[in-house]
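Here is the structure we will look at, set down as structure tokens.
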Amino acid sequence: MIPEQDQIGLKHINMIKVLFFGKFRDITGMGEKYYNAKNLEELFEKVFDEFPLLKDNRYLVAVDGVMEKGNKNLAENQTVALLPPFAGG
């Protein structure tokens, strides 16, 4: 995939590490993978395109250890964890 170019033609690469846990690790066959994305929406579009079986699952998202909901801008070298829902008790 070719990174997007800015107004002066420089390519921006915003590499984000995605960690897969539980059944998501089983579905993907890996514990982590890097993607170029500027926000969570773009990131998960790429993840789901590559691993369509993930789309049908409920999941939680943590960015650098903080639980997030909705779309969030991402900075280079951030880590996004894709977590299966868990129950407390």
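Observations on the structure shown:
- Residue exposure proxy: 74, 54, ordered by other Cβ atoms within 10 angstrom of their Cβ from fewest to most, comes out as 54, 74.
- From the C-alpha gyration tensor of segment 15-83, square roots of 5λ in Å: 17, 12, 12
Values in this text are rule-based calculations from the coordinates and carry no lab data. Please read all numbers here as calculations on a predicted model, not as lab measurements. Counting neighbours? That spans all protein chains shown, and the Cβs are built from the backbone with ideal geometry, glycine included.
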